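To start, the structure itself, in structure tokens.
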Amino acid sequence: MSELNSQAAAEDRHHRELLARTARGSVEAFNELYTLLYAPLVRFLYRFTQSSALAEEILNDTLMVVWQKAGTFRGDSRALTWVLGIASRRALKAVRQERHRAGPAGCLLPGSAAPNKLSQLATREALEWALQQLNTEQRLAIEMAYFHGLNCEEIASVLGCPLNTTKTRLHYARHRLRKIFGSARDPLDFADLDEAM
């Protein structure tokens with residue numbers, strides 16, 4: 001576990017260095033930061049929006065803000081936490097606008113898969129469907145905790161809400177997911193986050 005923590009710390013130091021260089025106008029540093037953050041951000045945004053096109057659009061907006069505002073990063077949190085905060089606020093705004101324009105969402109995932117991947121796909125589809133049953137704030141908190149490894153304090157910082165509100169959102173989200181999955185083993189292991197709270 002400490003190896004993972006030291007790896008995360010080294011990654012954060014590198015991200016911070018790239019942000020500092022980006023703030024000084026280094027296109028090279030920004031390009032490297034873009035390359036490093038692209039995959040985790042696009043996964044986060046796709047899970048949240050269920051639209052590749054919308055995820056890409058929000059990603060581009062997010063990284064434009066990172067380019068423009070890199071100098072405002074104060075270092076109170078991990079660099080990834082700061083960027084996820086920008087992305088989540090942009091995603092919330094975009095999803096709300098999409099709901100007003102498009103109404104209820106359609107299919108969550110493509111339906112066909114190779115036979116040997118059927119069980120894995122079914123679990124993934126069930127999890128994606130279950131996450132869509134949560135309200136926006138709960139889904140964001142779960143995404144940040146389980147798919148990006150943020151702790152409660154970091155999630156509260158990203159979402160701009162009190163720590164207890166974040167804990168409450170996570171509690172109700174986990175409760176709702178357990179209810180959805182019934183007695184079956186949950187796809188997410190909630191024990192780690194329960195201990196952290």
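Values quoted throughout were computed directly from the atomic coordinates according to the rules given, and no laboratory measurement underlies them. Every value quoted in this text rests on a predicted model; they were computed, and no experiment measured them. Cβ sites come from the backbone with ideal geometry, for glycine too, and all protein chains shown count toward neighbours.
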- Dividing the mean separation of Cα pairs under 8 Å (6+ apart) by the residue count of the range 1-106 yields a relative contact order in percent of 30 percent
- Item | Spin-label model distance (nm) - Tyr172 vs Arg16, 7 Å beyond Cα toward Cβ | 3.5 nm
- Query: Between Val27 and Asn151, what is the FRET efficiency for a Förster distance of 22 Å, r being their Cβ-Cβ separation, to the nearest 0.05?
  - Reply: 0.10
